[in-house]
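Let me begin by presenting the structure, written as structure tokens, before commenting on it.
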Amino acid sequence: MSVLTMTNGAAVLGGRKIWSDATFAIEPGTITAVLGPNGAGKSTLLNIILGLVPLAEGTMHVLGEVPHRGNLHVGYMAQTRQADTVSTMTGRDFVGLGFDGPRFGWGHDRTKKEVVRQALALTGTTSFADQPLHSLSGGQRQRIALAHSTVFSPELLLLDEPLAALDLAAQGEIVDLIKRLRDSTGAAILVVAHDLNPLSSIVDQVLWIARHQVRCGTVDEVVNEKVLSDLYGQPIEIIVTPRGRRVIVGLEEELAHPHPHGHDHSHEGEHVHDLGDEHVHDGDAHHDHTHTNHNATHEGVSE
Amino acid sequence: MSLHSLLITPFVQHAFYAVTAVALAAGAVGYFVVLRRQAFAAHAIGHVGFAGAAGAVLLGLSPIVGLLVFCLGAGVLIGLGGATLDDRDAVVGVTLTAALGLGVLFISLYSGYANATYSILFGQILGVTWGAVGLVAALSIIVLLVVSLTYRPLLFISVDERSAASRGLSSRGLSLLFMALLATTTVVAIQIVGVLLVFSLLVAPAAAAEAATSRPLAAMFLAMFIALMSAWWGLFLGVWIGGPVSFWITALASLSYLIARVSSMVKARASTRIVA
């Protein structure tokens, strides 16, 4: 049975249609890269899967159920976390919050210690788990966050830009870890990313979100000149390097966003706003401003 | 009058119970103030309380009534309006100035003796009555009870808002709850150290604790301990040497922060030396 199925799904934020006609399935034990420009609706897709934003049209099933908040079978790792700058929290504390953070009251679960220990062991973070988060490297923090989001061994794991702001060595470590997690838990993993290349060795399928559309398939089925040119309505060329890396020509402006909080990648003075930077507030999104920004992104590309 | 006979007078005894309750609540809530980087909100709520107290005095009511109404109102306003980090500062700042303006108006309308205003601004711990001690203790116990019951979700939403939301916690609800806790704590702390020195119990001990330990629960208890020591010794020194108790409490709390920062800097330097 598929871990996730979407049929003719559409996402609407603040009365604005983000994407529509999305039909795809995610199978157990697969890794799916979610690609596309800033503001295309990648994080919105994650929010819908998490039950934080309702699906506007179509149907979606997550592990056979309608998406709902607090589903312990779905793990989620946010792109940025306030915890990373906190000096009074160790990695072990943060992973522990993944276990009982949502719980009110005085009770203490005796199994917590062991569950946290296993999550740390699985992610190879035990050796630095007792240091405060703000003293760790970016890669170490990401691995702690992965441990945090996998304490319940989720069947579906959603990772929002886990490679952002990491150097190449750390990116490689995280990619290896994602693969190890998949192999050892059999979970289906969705990875939102700006660049396919660091992930290409582990990716089974690609979801490409752009221009209000969602394309799904294997890397070769989606990341080819015909599909992308058709999607963007302009000629796109793909050069494959001898090492198998893909250079996409014609989308440099859209895909090159090394700084998730950058505000200088805009045209005509308009700010391009990454939906991934939106805060989640109980699903009541105020995204009126994405309208113009969204268009600005695409107009910029068609120059 | 000997020191011993001073310490057993009723007004010192009242003060002792009041500072004990306030220090524990302020230390616990202060940990989250520092963690959530809401020191500005804590500052603003105190000043809003000033307007409330001045208004209550003007109407012939007890200042604490005005404090409660205004502080809780400001807490709700800041909690609702400033749920996102982006506009939090603006909401807090506007709330702060609007309330301060009102406070100025109330004071100018009040023709009575200005001593009431002075005690709101700088605290008047040695004038606390049994009734006030009871109220302060009750509010502090409620605050500590709620903090202990919501500790984990508050911590979770403070360090990873989005992950916490995905697990079913309400960011807005917890933000509101926290602002209500902060407002209540501010009201009781104002009784001891006054509006202008509320930071000394609410922020300084927690900031010192944050610099001294790396575990959340340890930091919270350490903040409570530092606040308690500052309050007890401040009261003792005020009675023994003289000078306002709120001055001594502020001085001790600030000193503890200074010591924590310097020692953590020395520790960091020592560890880099070992690495090098």
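Please treat every number below as a calculation from the coordinates, not as lab data. The structure presented is a predicted model; accordingly, all values stated were derived computationally and were not measured. Every residue, glycine as well, gets a Cβ built from its backbone with ideal geometry; the counts of neighbours run over all protein chains shown.
Scanning segment A:67-83 for residues that are surrounded by fewer than 24 Cβ atoms within 10 Å (Cβ to Cβ) and either among the hydroxyl-bearing types (Ser, Thr, Tyr) or touching a Phe, Trp or Tyr at 6+ places or on another chain (Cβ under 9 Å) (or both) turns up A:72, A:73, A:80, A:81.
The set of residues in segment B:142-161 that are farther than 17 Å from residue A:93 by Cα and either buried (at least 20 other Cβ atoms within 10 Å of the Cβ) or more than 7 Å from every other protein chain (Cβ to nearest Cβ) (or both) comprises B:142, B:143, B:144, B:145, B:146, B:147. Total residues in segment A:45-66 satisfying the condition of being within 8 Å of chain B (Cβ to nearest Cβ) and touching a Phe, Trp or Tyr at 6+ places or on another chain (Cβ under 9 Å): the figure is 1. Could you tell me whether residue A:121 is outside any loop (DSSP other than H, G, I, E, B) and either surrounded by fewer than 19 Cβ atoms within 10 Å (Cβ to Cβ) or not acidic (Asp, Glu) (or both)? Spelling it out, residue A:121 is indeed outside any loop (DSSP other than H, G, I, E, B) and either surrounded by fewer than 19 Cβ atoms within 10 Å (Cβ to Cβ) or not acidic (Asp, Glu) (or both). Residue pairs whose Cβ atoms lie under 8 Å apart, sitting 6 or more positions apart in sequence or on different chains, and linking a residue in segment A:175-189 that is without any contact (Cβ under 8 Å) to a residue 40 or more places away in the chain to a partner that is surrounded by fewer than 16 Cβ atoms within 10 Å (Cβ to Cβ), are A:175/A:201.
Checked against (1) buried (at least 24 other Cβ atoms within 10 Å of the Cβ); (2) among the hydrophobic types (A, V, I, L, M, F, W, C); (3) at the interface with another protein chain (Cβ under 10 Å from one of its Cβ atoms), residue A:95 meets all criteria but (3).
Each row is one residue, and each column tells you yes or no for (1) surrounded by fewer than 23 Cβ atoms within 10 Å (Cβ to Cβ); (2) in a loop (DSSP other than H, G, I, E, B); (3) in contact (Cβ under 8 Å) with a residue 40 or more places away in the chain; (4) within 11 Å of another protein chain (Cβ to nearest Cβ).
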site: A:104; (1), (2), (3), (4): yes, yes, no, yes
site: A:113; (1), (2), (3), (4): yes, no, no, no
site: A:134; (1), (2), (3), (4): yes, no, yes, yes
site: A:145; (1), (2), (3), (4): no, no, yes, yes
site: A:148; (1), (2), (3), (4): no, no, yes, yes
site: A:170; (1), (2), (3), (4): yes, no, no, no
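So which residues in segment A:150-163 are touching a Ser or Thr at 6+ places or on another chain (Cβ under 9 Å) and surrounded by fewer than 21 Cβ atoms within 10 Å (Cβ to Cβ)? If the condition is that a residue be touching a Ser or Thr at 6+ places or on another chain (Cβ under 9 Å) and surrounded by fewer than 21 Cβ atoms within 10 Å (Cβ to Cβ), then A:153, A:155 are the ones that fit. In segment B:93-124, the qualifying residues are those that are among the hydroxyl-bearing types (Ser, Thr, Tyr), out of contact with any Phe, Trp or Tyr (no Cβ under 9 Å at 6 or more places or on another chain) and closer than 24 Å to residue B:40 by Cα, and the one that is surrounded by the most Cβ atoms within 10 Å (Cβ to Cβ) is B:95.
For every residue, the table says whether it meets (1) within 14 Å of another protein chain (Cβ to nearest Cβ); (2) within 10 Å of the chain's Cα centre (by Cα); (3) surrounded by fewer than 23 Cβ atoms within 10 Å (Cβ to Cβ); (4) within 21 Å of residue B:135 (Cα to Cα).
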position: B:175; (1), (2), (3), (4): yes, no, no, no
position: B:186; (1), (2), (3), (4): no, yes, no, yes
position: B:196; (1), (2), (3), (4): no, no, yes, no
position: B:215; (1), (2), (3), (4): yes, no, yes, no
position: B:220; (1), (2), (3), (4): yes, no, no, no
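Please verify whether residue B:249 is more than 14 Å from chain A (Cβ to nearest Cβ), of a type in the set (A, V, I, L, M, F, W, C) and under 14 Å from the mean Cα position of the chain (by Cα), treating the condition exactly as stated. In short, yes.
Out of B:200, B:166, B:214, one residue alone is under 24 Å from residue B:48 (Cβ atoms) and either touching a Gly at 6+ places or on another chain (Cβ under 8 Å) or without any contact (Cβ under 8 Å) to a residue 60 or more places away in the chain (or both). It is B:200. Residues considered: B:142, B:107. Of these, the only one that is farther than 22 Å from residue B:220 by Cα, of a type outside the set (Lys, Arg) and in a helix (DSSP H, G or I) is B:107. Among the residues of segment A:57-66, the one identified as surrounded by fewer than 16 Cβ atoms within 10 Å (Cβ to Cβ) and hydrophobic (A, V, I, L, M, F, W, C) is A:66. With respect to (1) buried (at least 21 other Cβ atoms within 10 Å of the Cβ); (2) within 13 Å of another protein chain (Cβ to nearest Cβ), the lone exception for residue B:192 is condition (2).
Residues of segment A:69-98 that are without any contact (Cβ under 8 Å) to a residue 24 or more places away in the chain and either in contact with a Pro (Cβ under 9 Å, 6 or more places away or on another chain) or over 27 Å from residue A:122 (Cα atoms) (or both): A:71, A:93.
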